[in-house]
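Undergrad: One structure, pasted below without further comment.
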Amino acid sequence: MDHSRVPVLEALQDFRRRGDTVFGPPGHKQGRGADPWVVDVVGLDVFRSDVLTLNGLDDRRQSQGVLSQAQELMADAVGAEQAFFSTCGSSLSVKTAMLAVAGPGEKLLLSRNAHKSVISAVVVNGVEPIWVQPKYDTERHLAHPPEPDDVRRRLREHPDAKGMLLITPTDWGTCADIRGVARVCHEFDVPLIVDEAWGAVLPFHPDLPPWGMDAEADLVVTSVHKTGGAVEQSSVFHLQYDRVSPEALKQREDLLGTTSASSLVYATLDGWRRQMVERGHDLLDTALHRAERIRGAAGELSGLRPMGGEVVEEGLAASYDPLKIVIDVRGLGISGMQAAEWLRTHRHVDVGGSDSCHLSASITYADDDETEKTLHDALTALVEGADSIERRPAVHLPEPAALELEQAMLPREAFFAEVDHVPAERAAGRIAAEMISPYPPGVPAIAPGEVITEEILDYLRSGVDHGVLIPDAADPSVRTLRVVRR
């Protein structure tokens, strides 16, 4: 295929060149009605490029096939049979993928280190989750993806399960044996969905972890805004084989997705695909060398311990994303959250994620020598200034076994049940009617339908005292919890 073509971008350019006068949405009429202050901050071209797909980029019959051409080019670029653009981020795309595989009352294997969007999908579509526990790293206090044998065991226990959802890379960059898990799923003739939100660039360089389509997954969801060059909410479904119906996938996407898709998302997805095909290898090669230098330099700073290939050598992950710089800061006597706050306040550096032990920084092909120096100088300053950071009460991190809560009710049933709000001191033993997710990375410590324990309460309340953000709880202070009424 001709990857020099960018159908959406070309259609948008034609629209702006024609100077069409529009008597439909959006109401700002290509920026003519936008507030001047807004225009001054975000720029007029944002509004000029905000165009509907129908009666804008294309006619009402979609006779030019602008979007379908762009999606065909994307599929060809990454080795998928089909690709579909989504403008609501991978949070919605994962929900759609799950709906395409399992319906209400049916079983679906899910990695328990899933993002809250996965648990939300379980509530929305009413599936019965069959949790596959991740590989807990007690030394680093991280959860790595489950292994093929874990999946095989659960499929043997639940042969009526409709498929498996695997999260890889994790927020911390560790990766699953996708091919091994896919082959286990295919032994049982069920599809493997891969939530590869952090893996959009994986198809474009051999030194990156395996790409889901190459590793025999059936359906892969990527977030191009996370590591690629598209704007926020840019997501793509990639599909191959015949275990997931493209018709069902499209219908489920129509059910959940917006009817007012953003041309900004489509155009930047389309342009990023061309950029990766034409220049991706060289751009990513530079980024990989840059990340290696940053990781090495961080390792020479006292109190910092960057994670690297040792996590694979120790058998904790099949591979790891070298573009994700994950640094254990406990040697400085502070938490990753404190480190992140200090860097933002004192060095104007915003890291990608942080928890009680780590901070993470994503290196992309957009970084250059200046941003590399900025990060190194900021980490050096953090080490030098760590003694001035006020110590906070420690987070009481639970043992791995304490993270595996009993599923007493289906998440959907618990979420919509009659509820009580009880003090945390009286919540142990009750069934949760809400999600409680320390953020980031947003993996629920408690999911609806799970039995609350003293260990998890201690973890959450000590986390709040330390400064952990828990935005989805009914009471973010976790002084009270929303539980199923007895």
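Undergrad: May I ask you to list the residues in the stretch 338-362 that are modelled with pLDDT of 95 or more and either buried (at least 23 other Cβ atoms within 10 Å of the Cβ) or aliphatic (A, V, I, L, M) (or both)?
TA: Hits for the stretch 338-362 are Gln338, Ala339, Ala340, Leu343, Val349, Val351, His358, Leu359, Ala361.
Undergrad: Give the stretch 415-453 a look and list any residue that's among the acidic types (Asp, Glu) and out of contact with any strand residue (DSSP E or B) (no Cβ under 8 Å at 6 or more places or on another chain), or say none.
TA: Glu425 - this is the single residue of the stretch 415-453 that is among the acidic types (Asp, Glu) and out of contact with any strand residue (DSSP E or B) (no Cβ under 8 Å at 6 or more places or on another chain).
Undergrad: Hey, does the stretch 169-177 have a residue that's buried (at least 23 other Cβ atoms within 10 Å of the Cβ), touching a helix residue (DSSP H, G or I) at 6+ places or on another chain (Cβ under 8 Å) and under 14 Å from Met213 (Cα atoms)?
TA: Checked against the condition, which is being buried (at least 23 other Cβ atoms within 10 Å of the Cβ), touching a helix residue (DSSP H, G or I) at 6+ places or on another chain (Cβ under 8 Å) and under 14 Å from Met213 (Cα atoms), the stretch 169-177 yields no hits at all.
Undergrad: Let me ask another. Taking the stretch 68-124 only, how many residues are of a type in the set (Gly, Ala, Ser) and more than 15 Å from the chain's Cα centre (by Cα)?
TA: 11
Undergrad: Could you list, in sequence order, all residues of the stretch 109-122 that are crowded, with 24+ Cβ neighbours inside 10 Å, in a helix (DSSP H, G or I) and at pLDDT below 90?
TA: none
Undergrad: State which residue is nearest to the chain's Cα centre (by Cα) when the search covers only the stretch 289-313 and only residues that are among the small types (Gly, Ala, Ser) and surrounded by fewer than 15 Cβ atoms within 10 Å (Cβ to Cβ).
TA: Gly309
Undergrad: Here's something else I'd like to know. Take the residues of the stretch 205-216 that are more than 19 Å from the chain's Cα centre (by Cα) and touching a residue at least 12 places away in the same chain (Cβ under 8 Å): which is surrounded by the most Cβ atoms within 10 Å (Cβ to Cβ)?
TA: The qualifying residue surrounded by the most Cβ atoms within 10 Å (Cβ to Cβ) is Ala215.
Undergrad: With the condition kept exactly as written, say whether any residue in the stretch 99-106 is modelled with pLDDT of 95 or more, buried (at least 24 other Cβ atoms within 10 Å of the Cβ) and among the β-branched types (Val, Ile, Thr).
TA: yes
Undergrad: Identify all residues within the stretch 133-170 that are touching a His at 6+ places or on another chain (Cβ under 7 Å) and among the charged types (D, E, K, R); write none if there are none.
TA: Lys135, Asp137
Undergrad: Is at least one residue of the stretch 81-90 aliphatic (A, V, I, L, M), closer than 18 Å to Asp195 by Cα and modelled with pLDDT of 90 or more?
TA: yes
Undergrad: Any residue in the stretch 56-78 that's without any contact (Cβ under 8 Å) to a residue 24 or more places away in the chain: show its pairings with residues that are part of a loop (DSSP other than H, G, I, E, B) and surrounded by 19 or more Cβ atoms within 10 Å (Cβ to Cβ) at Cβ separation under 8 Å, as long as the two are six or more apart or on different chains.
TA: Pairs found: Gln62/Thr53.
Undergrad: Here's another thing I want to ask about it. Pick from Asp321, Asp377: which is assigned by TED's automatic domain parsing to the domain that holds Leu284 and buried (at least 21 other Cβ atoms within 10 Å of the Cβ)?
TA: Asp321
Undergrad: Would you check if Thr222 is at pLDDT 95 or above and surrounded by 24 or more Cβ atoms within 10 Å (Cβ to Cβ)?
TA: In short, yes.
Undergrad: Continuing with the same structure: Please verify whether the stretch 123-134 includes one or more residues that are assigned to a loop (DSSP other than H, G, I, E, B), among the polar types (S, T, N, Q) and surrounded by 21 or more Cβ atoms within 10 Å (Cβ to Cβ).
TA: Among the residues of the stretch 123-134, not one is assigned to a loop (DSSP other than H, G, I, E, B), among the polar types (S, T, N, Q) and surrounded by 21 or more Cβ atoms within 10 Å (Cβ to Cβ), which makes the answer no.
Undergrad: Still on this structure, please answer the following. So, in the stretch 81-98, exactly how many residues are part of a loop (DSSP other than H, G, I, E, B) and surrounded by 23 or more Cβ atoms within 10 Å (Cβ to Cβ)?
TA: The total comes to 0.
Undergrad: Then there is this: I'd like the full set of residues that are outside any helix (DSSP H, G or I) and either touching a residue at least 12 places away in the same chain (Cβ under 8 Å) or within 21 Å of Ala230 (Cβ to Cβ) (or both), limited to the stretch 5-19.
TA: Of everything in the stretch 5-19, those that are outside any helix (DSSP H, G or I) and either touching a residue at least 12 places away in the same chain (Cβ under 8 Å) or within 21 Å of Ala230 (Cβ to Cβ) (or both) turn out to be Arg5, Val6.
Undergrad: So how many residues does the stretch 139-155 have that are assigned to a strand (DSSP E or B) and not small (Gly, Ala, Ser)?
TA: 2
Undergrad: Quick one: what pairs do we get from the stretch 318-342, first residue free of Cβ contacts under 8 Å to residues at least 12 places away in the same chain and farther than 13 Å from Leu379 by Cβ, second aromatic (Phe, Trp, Tyr) and assigned to a helix (DSSP H, G or I), C-beta under 8 Å, 6+ apart or different chains?
TA: none
Undergrad: While we're on this one: Kindly check whether there is at least one residue in the stretch 231-249 that is part of a loop (DSSP other than H, G, I, E, B), buried (at least 18 other Cβ atoms within 10 Å of the Cβ), small (Gly, Ala, Ser) and modelled with pLDDT of 95 or more.
TA: No.
Undergrad: Looking only at strands (runs of 3 or more DSSP E) that lie completely in the stretch 156-228, which have at least 2 residues being of a type in the set (Val, Ile, Thr)?
TA: Per the criteria, 192-195, 219-223.
Undergrad: Could you list, in sequence order, all residues of the stretch 29-55 that are more than 31 Å from the chain's Cα centre (by Cα) and closer than 19 Å to Glu10 by Cα?
TA: Gln30, Asn55
Undergrad: Got a sec? Which of Gly429, Gly467 is among the small types (Gly, Ala, Ser) and free of Cβ contacts under 8 Å to residues at least 60 places away in the same chain?
TA: Gly429
The values are calculated or read from the model by the stated rules, or taken from the named source; none is laboratory data. Given the structure is predicted, the values throughout are model-derived calculations rather than measurements. Positions of Cβ are generated from backbone atoms using ideal geometry, with glycine treated the same way; all protein chains shown enter the neighbour counts.
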